[in-house]
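The values are calculated or read from the model by the stated rules, or taken from the named source; none is laboratory data. Here the structure is a predicted model, which is why all the values come from computation and not from measurement. Heads up, the Cβs are rebuilt from the backbone with ideal geometry, glycines too, and the neighbour counts pull from every protein chain shown. To get the accessible areas, we keep the full protein, side chains included, count just its heavy atoms, and leave off ligands, DNA and RNA. Shrake-Rupley method; radii C 1.70, N 1.55, O 1.52, S 1.80 Å.
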Amino acid sequence: MIQYIDTHTHLYEEAFAGEGETDAAIMRAAGAGVTGLVFPDIDSKTRQRMFETAGKHEGTVFPCLGLHPTSVGADWKNEYALMEEWTGKKIYAIGEIGMDCHWSRDFIREQKEVLRMQLELAHRLNLPVIIHSRESTELIFEVLGQCRHLDLRGVFHAFGGSPETFRRLQKYGCWYVGIGGTVTYRNASVAETIRHIPADRILLETDSPYLTPVPKRGTRNESSYIPYIAAKVAEQKGMDICEVAEVTTANAVSLFGLGKPDIKDRQRKANDQTTKDRHDD
């Protein structure tokens, strides 16, 4: 049976705040074969709900810890201190961290400093990192160069760079690329790029509720849509979709140190829930 892992999903965010919305989305994901969900952290506003959801779905949801670059502002020191208070929790990566020059350049210096600090934190905790990069590739490479001695590993989330960028990235550690819904968009450059990236360096992700893949574009994204992304990756790589599922799941298990989810158990629970819902109707 096909098994996937969504390595970047925000099912705990406001878009899923309705009664039972997150739980239902997790069950739909399991029904689609997506039995592992990596939850990247954002900031103090959503962190409590993220960990509560992870605790409720232990073995399926794998929480991370980090301060998102768009949450680095004038009070960044306080936000960083609040984040550090959670380092005693079971976490699977430091992320989502990085730099974002799209929304604002007001705190670029602070973003660089916070990124460096979190890379050092990942090194101390022996964890991978999840990098957010938007209009900031060169700045991130500058910080990675300063941290080359930290033996880093991780994933560039929502990768949209060139094959040359991917090869350059490997000079700074062991790096994967996260491929999401944009790969299904018409004329998306990443669809061509992944032809030149080894399958053993590709991870699947949704970034739900954002970046919904075709044919669901225009609606709220969720983890159950991973198969649409996998199908496009398979098409571009000339692979069978089962092979894409197998290799990307193995990549995720290896990078994040996950216990491989039991797909049969997850899908049984999903089927049981579907049957219950029908009876309730």
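Quick check on my filter: what residues within the range 105-143 are free of Cβ contacts under 8 Å to residues at least 12 places away in the same chain and of a type in the set (Gly, Ala, Ser)?
Passing the criteria: none in range.
Which residue is least open to solvent (accessible area, probe 1.4 Å), if the candidates are limited to the range 192-211 and must be farther than 17 Å from residue 7 by Cβ and without any contact (Cβ under 8 Å) to a residue 40 or more places away in the chain?
193
Please go through the range 212-245 and pick out each residue that is in a helix (DSSP H, G or I), open to solvent by 60 Å² or more (accessible area, probe 1.4 Å) and touching a Pro at 6+ places or on another chain (Cβ under 9 Å).
Of everything in the range 212-245, just one residue is in a helix (DSSP H, G or I), open to solvent by 60 Å² or more (accessible area, probe 1.4 Å) and touching a Pro at 6+ places or on another chain (Cβ under 9 Å), namely 228.
Return the residue satisfying two criteria in turn: it lies in the range 87-110 and is farther than 16 Å from residue 41 by Cα and modelled with pLDDT of 95 or more, and of such residues it is surrounded by the fewest Cβ atoms within 10 Å (Cβ to Cβ).
Selected residue: 109.
If a residue must be small (Gly, Ala, Ser) and touching a Cys at 6+ places or on another chain (Cβ under 7 Å), how many such residues does the range 133-184 contain?
Looking only at that region, the number is 1.
Hey, can you tell me all the residues within the range 82-101 that are small (Gly, Ala, Ser), within 28 Å of residue 137 (Cα to Cα) and in a loop (DSSP other than H, G, I, E, B)?
Across the range 82-101, the qualifying residue is only 93.
Taking only the range 161-205 into account, find how many residues are within 16 Å of the chain's Cα centre (by Cα) and either at pLDDT below 95 or assigned to a helix (DSSP H, G or I) (or both).
Of the residues in the range 161-205, 4 are within 16 Å of the chain's Cα centre (by Cα) and either at pLDDT below 95 or assigned to a helix (DSSP H, G or I) (or both).
In the range 123-145, is there at least one residue being in a loop (DSSP other than H, G, I, E, B), surrounded by fewer than 18 Cβ atoms within 10 Å (Cβ to Cβ) and out of contact with any His (no Cβ under 9 Å at 6 or more places or on another chain)?
Yes, that holds for at least one residue.
Of the numbered conditions (1) of a type in the set (Lys, Arg); (2) in a loop (DSSP other than H, G, I, E, B); (3) within 25 Å of residue 257 (Cβ to Cβ), residue 105 satisfies every one except a single condition; which is it?
Going through the list (1) of a type in the set (Lys, Arg); (2) in a loop (DSSP other than H, G, I, E, B); (3) within 25 Å of residue 257 (Cβ to Cβ), residue 105 breaks only (3).
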